[in-house]
Amino acid sequence: MSSISIIFTFDNKFILEGDAVETGKHTIEFRKKGTGPLYFNAYLTNFTLEDFITKAGLEVKVERKYYKLTEVEKKIKDAGSRGQVVDKKVEKYERTELKNLDLVKSGDLIEIELVIESKNDYEYIMVEDMKAAGFEPVEVRSGYGGNEMGAYMELRDERVCFFVRWLARGRHSVSYRMRAEIPGKFSALPTKISAMYAPELKGNSDEIKLRIED
């Protein structure tokens, strides 16, 4: 059997779970005989019990910001049907950033901005923004929204997903809007960013808790 065949047929695993992973420093040692190369992978997953989950990430990072949109009256000069100058009302909003545990009212329009930072060029990136119960997206259909990353937005029950075919190095942003609806105190779990075909490339934003009143 060739060495290449052995690589793809030899499935040996050493797994530590739960209490077997003790607190403190751990050392993993590999030993082999012969002169051939040694191939190995190591993966770590964890479940956190912290009440406020904080952001994390190395090669890709995502930061989420919530803004309350307040409509302000704005008019521009436009040409009327006879060529005369008329005042035309345009849609304009003032953005107020929301912090953790801030209060909004049922019916308020909320904008969620996701700021993505990448240290390299990547392909097939997925961003999953976990939706807080009590809020519903303004858009009702998935699709391309003309954002700067050319991302496809998919609306799901508990999250809003963005699929990015090509993510260039640097900072980018994408946003969408939700409406506050059900009174109560709700938590939006962190936004997650990951490579669809390389799940070890990942990051997450901070959690945020918001309150809604009638």
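The values are calculated or read from the model by the stated rules, or taken from the named source; none is laboratory data. Computed from a prediction, not measured in an experiment: that's the story for all the values here. Every residue, glycine among them, receives a Cβ derived from its backbone with ideal geometry; neighbour counts consider all protein chains shown. Heavy atoms of the whole protein, side chains included, go into the accessibility calculation; ligands, DNA and RNA do not. Shrake-Rupley method; radii C 1.70, N 1.55, O 1.52, S 1.80 Å.
Between ARG171 and LYS13, what is 0.36 nm times their sequence separation minus the Cα-Cα distance? Round to one decimal in nm.
Extending this stretch completely gives an extra 53.1 nm.
Answer rounded, prolate or oblate for the range 70-213, using the Cα gyration tensor with square roots of eigenvalues a ≥ b ≥ c: rounded when a/c is under 1.5, else prolate when a/b is larger than b/c, else oblate.
Taking the square roots of the gyration eigenvalues as a ≥ b ≥ c, the range 70-213 is oblate.
Taking the solvent-accessible surface of protein heavy atoms with a 1.4 Å probe, what is the per residue accessible area of the chain in Å²?
Accessible area per residue: 72 Å².
In the range 80-214, if the dipole is taken from +1 on Lys/Arg beta carbons and -1 on Asp/Glu beta carbons about the Cα centre, which of SER187, TYR176, ILE212 is farthest to the positive end?
Going by the charge dipole, the pick is TYR176.
Pick from GLY203, GLY18, GLY146: which is most flexible by mean-square fluctuation in a GNM of the chain where alpha carbon atoms under 10 Å apart are linked?
Between GLY203, GLY18, GLY146, it is GLY18 that shows the largest mean-square fluctuation.
Could you give me the ³J(HN,Hα) list for the range 48-61, computed from phi with Karplus coefficients 6.51, -1.76, 1.60 and θ = phi - 60°, whole Hz, x at Gly and Pro?
These are the phi-based 3J(HN,Hα) values: 9, 9, 5, 6, 10, 7, 9, 6, 7, x, 10, 6, 10, 9 Hz.
Magnitude of the Cβ-charge dipole of the chain, K/R +1 and D/E -1, about the Cα centre, nearest 20 debye?
For this selection, approximately 640 debye.
Based on alpha-carbon atoms only, what is the radius of gyration of the range 155-214 relative to the globular estimate 2.2 N^0.38 Å?
Taking N as the residue count of the range 155-214, the ratio is 1.39.
Label 7 Å along Cα→Cβ of ASN120; the range 19-58 residues with amide nitrogen under 20 Å?
Residues passing the 20 Å test: 39-44, 56-58.
For a 26 Å ceiling on Cα separation, which of these pairs sit above it: LYS74/LYS209; LYS13/LYS192; LYS25/LYS202; LYS32/LYS202?
LYS74/LYS209; LYS13/LYS192; LYS32/LYS202, as the Cα separations exceed 26 Å there.
Can you tell me which of GLU139, GLU111, GLU73 moves the most in a GNM of the chain? Springs connect C-alpha atoms under 10 Å apart.
GLU73
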